[in-house]
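Colleague: A single structure is presented below for examination.
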Amino acid sequence: MHRRILAAMVAMVAVPVGVEWLIAYIKDENYQLGRAGIVLGVVVVAAVLVGTLQFMTRRLSLILDIAMVVLGVAITTTGILSLVARSEQRTELAILVVCLGLVLSGVAGYAVVLDRTGGEFALVATRGTSRGSVHHLGDDSAPTTLTKFRACSPSDDEVAELCRPQMNADDLHFVGYYVDNACRFHLDVLDDVRLNRFFRGEGRELRRLQYERAGRQLEWVMSKLNAYARRLDGGILVRTVLDVEQGALYYYWIDRNVYLTGITMNQSKVLVTDEKLRRLANKIGHLPRGGTDQAEPIQQVVGSD
């Protein structure tokens, strides 16, 4: 956010001052520094207004983007008017100004669209992971599918071995392991016939693809939430449970740029699955997450069968 504000302030100073200096240079006139001072003063006032808006609104990012669009349109209009004036001496400069205005307004307009539509969130999913190699484990009574991607290393195989015993058609249905926002592998029991009631019209392969993409999108969401969590001096979020209408989606921070995701489709097993993943994350990582890792049975306290 602060970098965006700084970039906007620099652009507001550099663009008009640079244009005026070029005009003075072409006309072989001495550039008056007083003009630069006026521009700088206007930008300072604008910075004060932006600082005030930061405390008055939660949509500062959108306001800045719209301001950049307006600035780009104004620059483009100025360049077009200069072209209409048909001044041979200023033709090249006018074309340059028009191009600069179009680029500025186009980029800022695209940022506005992303902000209003949540397009940035959707773009995370389009950065697709290459097709992984599929390994079918277990037997027909308890099938487990392991999908490994190109970046999967021997150390990741060790993590997969820790995850595999936790998979169960009753609670934990999907686990994904991510490094640098790229999935190294995911395990699932979606082919188990006991889960047929959760698939009405959607195939298992499509659901796997959706779950893998959701893991990457979840990291994007966490990065936004962490920006606010850090202001509370409590550090980043290390465990997040999205308890939805049908099951839950889990996020566990393991290490820097390393995290684990889990999914259950069974609403009555949300707490059981959470405890399973907590213990699993403690085995994989080095950050204790409360509770105990002793082998006592896990019981659903709320919403039990």
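Read-outs: derived from the displayed coordinates by stated rules, not from any lab. Just so it is clear, the model here is predicted, and its values are computed rather than measured. Cβ: placed from backbone, ideal geometry, glycine included. Neighbour counts: every protein chain shown.
Colleague: List the residues whose amide H sits under 5 Å from the amide H of ILE254, counting only those 5 or more places along or on another chain, with H placed 1.01 Å from N in the peptide plane.
Modeller: Residues meeting the criterion, in which the H sits 1.01 Å from N, are TYR259, LEU260.
Colleague: Measuring from label point to label point, each 7 Å out along Cα→Cβ, what is the GLU275 to VAL244 span in nm?
Modeller: Once both label points are built, they end up 2.5 nm from each other.
Colleague: A further question on this structure: For a quick check: with amide H placed at 1.01 Å from N, whose amide H comes under 5 Å from ARG184's, ignoring anything fewer than 5 positions away on the same chain?
Modeller: Here the answer is TYR177, TYR178, VAL179, since their amide H atoms fall under 5 Å of that of ARG184.
Colleague: In nm, to one decimal, how far is the modelled label at VAL107 from the one at GLU202, with both set 7 Å along Cα→Cβ?
Modeller: Result: 3.8 nm between the two label points.
Colleague: Starting from one equal scatterer on each C-alpha and no solvent at all, send me the Debye-based log10 I(q)/I(0) for region 157-280 at q = 0.09, 0.11 Å⁻¹, two decimals.
Modeller: -0.24, -0.36
Colleague: Run the simple label-point estimate for ASP180 and GLU158 please: 7 Å along Cα→C-beta, distance reported in nm.
Modeller: With each label placed 7 Å out from Cα toward Cβ, I get 2.0 nm.
Colleague: How far is the Cα center of region 163-191 from the Cα center of region 215-259, in Å?
Modeller: 17
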